[in-house]
Amino acid sequence: MAIANTVDLVTTARADGYAVPAVNIVDEMSLRAVLKAAQAAQSPVIIQTSVKTVKATGAQPLFDAFRHAAEAATVPVSLHLDHCPDRAVITEVIGTGWSSVLFDASDRPLEQAWRETAEVVAEAHAAGVGVESEIENIIGVEDGVGSDEALHSYTNRQLVDVATDTGVDLLAPQLGTAHGLYKASPVLAFDRVLELGQLTDLPIVLHGGTGLSQADFDRFIANGIAKINISTTVKLAYMKAAQAHIATAEETGKWEPVKMFDQISAAVAATVTEHFEHFGSAGKAQALAGVGA
Ligand code: 13P
């Protein structure tokens, strides 16, 4: 299938009352495991890469692996760059073929964030690439990007003014969630999604999906969330499967990397499959046939 357009996937999900899972992969194995699970569930999916993953693998090899897997897939799949404050990396992935980017300007003061977001939108849209915008920081450090403290918070009107003026495609506000594992119960801002929805038609993105309950997802989606990011649960599944495999290898004296890869892939697939169900995206691929880049 042709590589899908992230913004089309999210807009369609919003109209149909579900959210597209945006899953952070770390390598080709996790990429393939997520796509296999998406096919089995017939769910659309957004594959996300952190800046760290892009730097570790290289944009071109990562994109080639994605394209190869995505073109063979029977579900719509797009490629998104997650939190990126680094303009050079944004330029690189736009040139390489990513479907969309999250320009994370939450480390900049408002005026600078506003100006640079407009510049990124101009650059991305000229190449047909969508832009997610974050100017308030979502709590937590993800692959080396972000902060555990709220650096910038704005009013709904300020957020919408920046988004509308700059022409971004997707909006990522603070909604009380955090990246990583929750140390205490989060205070979730369900109503903020409704309030933003009264000011703008832009699809709204929920970060920090790991650790939320089905009731939380249902309420966020009912209020208008159409893209939900999950990363930590994928990393945990990956690493714990590796750890379990190595523990068994130590006991049995059988050291079989390929079997470990199978165990990791199965664990990653299992956690994303659960989320396809949680987000209501399972079974929606068919209706999206033809949502190309
Ligand atoms: P978690 O790591 O909490 O799942 O959040 C993922 C995320 O929001 C990526 O941008």
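Restricted to segment 1-86, the set of helices (runs of 4 or more DSSP H) holding at least 1 residues that are hydroxyl-bearing (Ser, Thr, Tyr) and surrounded by fewer than 22 Cβ atoms within 10 Å (Cβ to Cβ) comprises 6-16, 51-57.
Scanning segment 242-268 for residues that are part of a helix (DSSP H, G or I) and of a type in the set (Gly, Ala, Ser) returns Ala242, Ala244, Ala247, Ala249, Ser265, Ala266, Ala267. Among the residues of segment 101-114, those identified as within 16 Å of the ligand (Cβ to nearest atom) and over 14 Å from Ala59 (Cα atoms) are Leu102, Phe103, Asp104, Ala105, Ser106, Asp107. Within segment 221-246, being closer than 18 Å to Leu175 by Cα and either within 13 Å of the ligand (Cβ to nearest atom) or among the basic types (Lys, Arg) (or both) holds for Ile225, Lys227, Ile228, Asn229, Ile230, Ser231, Thr232.
Between Val129, Val145, Val187, Val89, the distinction of being closer than 23 Å to Thr233 by Cβ and without any contact (Cβ under 8 Å) to a residue 40 or more places away in the chain belongs to Val187 only.
Looking for whichever is modelled with pLDDT under 95 and loosely packed, with under 14 Cβ neighbours inside 10 Å here; the options are Gln243, Gln286. Which one fits? Unique residue meeting the criteria: Gln286. Evaluated against (1) under 17 Å from Arg157 (Cα atoms); (2) buried (at least 18 other Cβ atoms within 10 Å of the Cβ), Pro109 falls short on exactly one condition, (2). Quick check, is Glu116 buried (at least 16 other Cβ atoms within 10 Å of the Cβ), over 21 Å from the mean Cα position of the chain (by Cα) and under 29 Å from Phe66 (Cβ atoms)? Taking the combined requirement at face value, the residue satisfies it.
Taking the residues in segment 82-100 that are under 28 Å from Gly283 (Cβ atoms) and not small (Gly, Ala, Ser) as candidates, determine which candidate is farthest from the ligand (Cβ to nearest atom). That would be Trp98. Taking the listed residues Leu171, Leu196, Leu202, the one that is within 15 Å of the ligand (Cβ to nearest atom) and in contact with a helix residue (DSSP H, G or I) (Cβ under 8 Å, 6 or more places away or on another chain) is Leu171, with no other qualifying.
Look at (1) assigned to a helix (DSSP H, G or I); (2) on the phi > 0 side of the Ramachandran plot; (3) not aliphatic (A, V, I, L, M) and you find that Gly211 fails only one, number (1). Take the conditions (1) touching a strand residue (DSSP E or B) at 6+ places or on another chain (Cβ under 6 Å); (2) buried (at least 22 other Cβ atoms within 10 Å of the Cβ); (3) at pLDDT below 95; Gly180 misses just one of them, which is (2). Against the numbered list (1) of a type in the set (Val, Ile, Thr); (2) surrounded by 15 or more Cβ atoms within 10 Å (Cβ to Cβ); (3) under 17 Å from Glu136 (Cβ atoms); (4) within 16 Å of the ligand (Cβ to nearest atom), Thr210 comes up short only at (3).
The values are calculated or read from the model by the stated rules, or taken from the named source; none is laboratory data. All values derive from a computational prediction rather than experimental measurement. Note that each Cβ is placed from the backbone with ideal geometry, even for glycine, and that neighbours are counted across all protein chains shown.
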